[in-house]
Amino acid sequence: MMKTKRMMYITMLVAISILFHLIESMIPLPLPIPGFKLGIANIVGLVALYMYDAKIMFTVNFMRVILASLMRGILFAPGFWLSLCGVLLSSGAAIIAKRYTPMTIFGVSCASAAFHVIGQMIAVTILYSQFLMGALLPILLLLSIPTGLFTGFMAKQVLNRIQTER
């Protein structure tokens with residue numbers, strides 16, 4: 001029975017992250033900076049990392065990118081590769097930061113946000129041979145701090161509520 005319950009929770013995390021990913025793509029942002037997003041779908045990835053483990057976080061994030069891209073009709077399009085590169089690098093950074101540093105969830109989230117930007121810049125450079133986009137890297141890295149703090153705060157709130165209900 002516990003395996004079924006665990007699988008149900010993981011499936012719900014994937015579904016919620018897909019929903020957040022799709023909603024985030026519809027939110028107009030006041031900053032006209034290419035590549036800037038709030039990263040609300042990453043809240044679910046952090047929750048998966050802290051509730052379960054690194055493998056579950058990778059599974060949730062990878063499934064989110066695949067299924068949301070499929071739903072939006074951009075599977076294997078440039079937007080898919082940008083998202084995939086960003087999520088793979090950010091997930092790896094979050095796992096390393098949680099496992100090997102004394103960072104709190106806020107630091108882990110900021111590291112994840114920063115490496116998501118770096119992953120997307122690597123993908124842009126490879127896909128488009130566009131090195132000038134790298135000029136946006138300092139701005140996007142600076143913006144990853146408040147978005148990472150926001151994501152970490154929201155993930156912390158979710159984890160607190162889950163633990164009080166258990």
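The values are calculated or read from the model by the stated rules, or taken from the named source; none is laboratory data. What you see is a predicted model; the values in this text were computed from it and never measured. No Cβ is skipped: glycine too gets one built from the backbone with ideal geometry, and neighbour counts run over all protein chains shown.
Do you know which residues across segment 42-80 are among the aromatic types (F, W, Y) and either on the phi < 0 side of the Ramachandran plot or at pLDDT 95 or above (or both)? Don't jump to the end; show me each part of the working.
We begin by selecting, within segment 42-80, every residue among the aromatic types (F, W, Y); these are 50, 52, 58, 62, 76, 80.
Within segment 42-80, Y50, Y52, F58, F62, F80 qualify.
Given the conditions (1) out of contact with any His (no Cβ under 9 Å at 6 or more places or on another chain); (2) assigned to a loop (DSSP other than H, G, I, E, B), and given that I40 satisfies all but one, which numbered condition is not satisfied?
Condition (1) is where I40 drops out.
Under the condition of being of a type outside the set (G, A, S) and at pLDDT 90 or above, which residue from segment 23-41 is farthest from L137 (Cα to Cα)? Before the answer, list the steps.
First, pick out the residues of segment 23-41 that are of a type outside the set (G, A, S): 23-24, 26-34, 36-38, 40.
Applying the additional criterion that residues be at pLDDT 90 or above yields 23, 40.
On the way: I23: 25, I40: 20 Å.
Within segment 23-41, the match that is farthest from L137 (Cα to Cα) is I23.
With respect to G39, is the statement that it is under 20 Å from L75 (Cα atoms) and touching a residue at least 60 places away in the same chain (Cβ under 8 Å) true?
Values: under 20 Å from L75 (Cα atoms): yes; touching a residue at least 60 places away in the same chain (Cβ under 8 Å): yes.
In short, yes.
Any residue at all in segment 127-135 that's assigned to a helix (DSSP H, G or I), aromatic (F, W, Y) and over 12 Å from the mean Cα position of the chain (by Cα)? Let's see the steps before the verdict.
Residues of segment 127-135 assigned to a helix (DSSP H, G or I): 127-128, 132-135.
Next, only the ones that are aromatic (F, W, Y) stay: 128.
Remaining after also requiring over 12 Å from the mean Cα position of the chain (by Cα): 128.
Scanning segment 127-135 turns up at least one residue that is assigned to a helix (DSSP H, G or I), aromatic (F, W, Y) and over 12 Å from the mean Cα position of the chain (by Cα).
Name the residues in segment 138-164 that are surrounded by 15 or more Cβ atoms within 10 Å (Cβ to Cβ) and more than 20 Å from Y50 (Cα to Cα), would you? Let's see the steps before the verdict.
Going through segment 138-164, the residues surrounded by 15 or more Cβ atoms within 10 Å (Cβ to Cβ) turn out to be 140-141, 143-144, 147-152, 154-156, 158-159.
Those that are surrounded by 15 or more Cβ atoms within 10 Å (Cβ to Cβ) and more than 20 Å from Y50 (Cα to Cα): L140, L141, L143, S144.
Step by step: first the residues of segment 126-141, then only those that are touching a residue at least 40 places away in the same chain (Cβ under 8 Å) and in contact with a helix residue (DSSP H, G or I) (Cβ under 7 Å, 6 or more places away or on another chain), then the one that is farthest from P78 (Cα to Cα). Which residue is that?
Filtering first and then ranking leaves L140.
Out of A111, A123, I need the residue that is buried (at least 16 other Cβ atoms within 10 Å of the Cβ), without any contact (Cβ under 8 Å) to a residue 40 or more places away in the chain, in a helix (DSSP H, G or I) and aliphatic (A, V, I, L, M). Which one? Outline the logic, then answer.
Details: A123 fails: without any contact (Cβ under 8 Å) to a residue 40 or more places away in the chain.
Exactly one of A111, A123 is buried (at least 16 other Cβ atoms within 10 Å of the Cβ), without any contact (Cβ under 8 Å) to a residue 40 or more places away in the chain, in a helix (DSSP H, G or I) and aliphatic (A, V, I, L, M), namely A111.
Taking segment 2-41 only, how many residues are at negative phi and either among the hydrophobic types (A, V, I, L, M, F, W, C) or surrounded by 18 or more Cβ atoms within 10 Å (Cβ to Cβ) (or both)? Outline the logic, then answer.
As a first pass, look at segment 2-41 and keep what is at negative phi: 2-34, 36-38, 40-41.
Next, only the ones that are either among the hydrophobic types (A, V, I, L, M, F, W, C) or surrounded by 18 or more Cβ atoms within 10 Å (Cβ to Cβ) (or both) stay: 2, 7-8, 10, 12-23, 26-27, 29, 31, 33, 36-38, 40-41.
Within segment 2-41, residues that are at negative phi and either among the hydrophobic types (A, V, I, L, M, F, W, C) or surrounded by 18 or more Cβ atoms within 10 Å (Cβ to Cβ) (or both) number 26.
Consider segment 142-157. How many of its residues are free of Cβ contacts under 8 Å to residues at least 24 places away in the same chain and hydroxyl-bearing (S, T, Y)?
Initially, segment 142-157 is screened for residues free of Cβ contacts under 8 Å to residues at least 24 places away in the same chain, giving 142, 146, 157.
Among the residues that remain, those that are also hydroxyl-bearing (S, T, Y) are: none.
Here the count works out to 0.
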